[in-house]
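Here is the structure we will look at, set down as structure tokens.
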Amino acid sequence: MILMEGKPVAASIKNELKAAISKRSKENKKTPHLAAILVGNNGASETYVNSKVKNCLEVGIISSLFKYENNITESELLQQIKMLNENDDIDGILVQLPLPDHISEKKVITTISPAKDVDGFNPVSVGNMVLGFPTFISATPYGILLLLKYYNISLKSKHVVIIGRSNIVGTPLSILLSRNNEFGNATVTLTHSHTADLKEICRSADVIIAAIGKPQFIKADMIKTGAIVIDVGINRIKDDNKKNGYALVGDVDFESVSNKSSYISPVPGGVGLMTIAALLKNTFNACIYLHP
Ligand code: NAD
């Protein structure tokens, strides 16, 4: 079994970005600048945003964190996004999801300018992705493509079973992996909570991508020997041995599945690190597009 660790992949992407940003600076070209918006005080969201900001700093991307109280109104938030759209110094904008119930996610993602949509959630970005046109691919699917590339795994003619059809992971991945390009050419089955015979479908998979949000849901008897397993899930489970009282686990039961798989990505240390690396790449690309 080969562990598909995100650390070396993310490190190599970050080194490339660092060198490219420093080269731009020597040429007196603009430094990329990410604006991150965080609403409320959801602990997991704060951790994700802080990690994005820290990673920006490591590669030389400027980041500005805009924190708002839970009671910011929808129109105030949309106004802030419009100001960032107009601000020439900002290259990329991300709004950390989920948002409080009184704010429409749809309105927020459609308000972010497609040119600065480094999370790739705007319908314009998604439409371009579906059609295979150049665009921002959302960070988690993009990170998974980069992870597969690093470990030299071609999906050509393989049967890939994706579990979970979210707009940010499962659905875009199902499209990307079935396209006719170096990352694609797989035969993809997109499964979800209403799929019948999930176990049988999973057992027919050469590659399993789990994005369900249920701790250790994929067990060894759901995969065939030698399958490639990519675990997207990030779940907190109670663990009294940890200082903070919880441990992070994926959607895959790593203990049992790793003995049967040929490749497996760990949680933590797998797809999560790739998501951040992909976001940094998108932010850099936004900057060179807006300020060549
Ligand atoms: P989600 O939480 O929006 O939806 C879960 C999906 O799983 C749904 O499509 C649902 O149909 C499917 N599902 C639920 N129960 C099922 C069952 N019994 N059988 C088959 N399918 C079932 O999905 P999401 O936002 O993609 O998140 C999934 C997981 O991935 C979460 O743990 C989340 O924290 C994690 N995540 C990780 C990253 C990362 O960077 N590593 C990024 C995004 C999401």
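A few points about this structure:
- Among the residues of the range 34-47, not a single one is among the charged types (D, E, K, R) and more than 21 Å from ILE112 (Cβ to Cβ).
- For the range 264-275, the candidate set comprises residues that are in contact with a helix residue (DSSP H, G or I) (Cβ under 8 Å, 6 or more places away or on another chain) and surrounded by fewer than 23 Cβ atoms within 10 Å (Cβ to Cβ); within that set, the residue that is farthest from SER45 (Cα to Cα) is PRO266.
- The single condition from (1) in a helix (DSSP H, G or I); (2) in contact with a Ser or Thr (Cβ under 8 Å, 6 or more places away or on another chain); (3) of a type outside the set (Gly, Ala, Ser) that LYS199 fails is (2).
- If only residues of the range 147-177 that are surrounded by fewer than 17 Cβ atoms within 10 Å (Cβ to Cβ) and of a type in the set (S, T, N, Q) are counted, the one that is farthest from the ligand (Cβ to nearest atom) is SER157.
- Residues of the range 208-263 classified as away from the ligand (no atom under 16 Å from the Cβ), in a loop (DSSP other than H, G, I, E, B) and surrounded by fewer than 20 Cβ atoms within 10 Å (Cβ to Cβ), total: 14
- The combined condition, being modelled with pLDDT of 95 or more, within 17 Å of ALA277 (Cβ to Cβ) and within 15 Å of the ligand (Cβ to nearest atom), is fulfilled by ILE144.
- The range 1-119 holds helices (runs of 4 or more DSSP H) entirely within its bounds, and those carrying 1 or more residues that are at pLDDT 95 or above and within 27 Å of ILE144 (Cβ to Cβ) map to 6-26, 43-59, 105-111.
The values are calculated or read from the model by the stated rules, or taken from the named source; none is laboratory data. Just so it is clear, the model here is predicted, and its values are computed rather than measured. For neighbour counting, all protein chains shown are included, and Cβ atoms are generated from backbone atoms with ideal geometry for every residue, glycine included.
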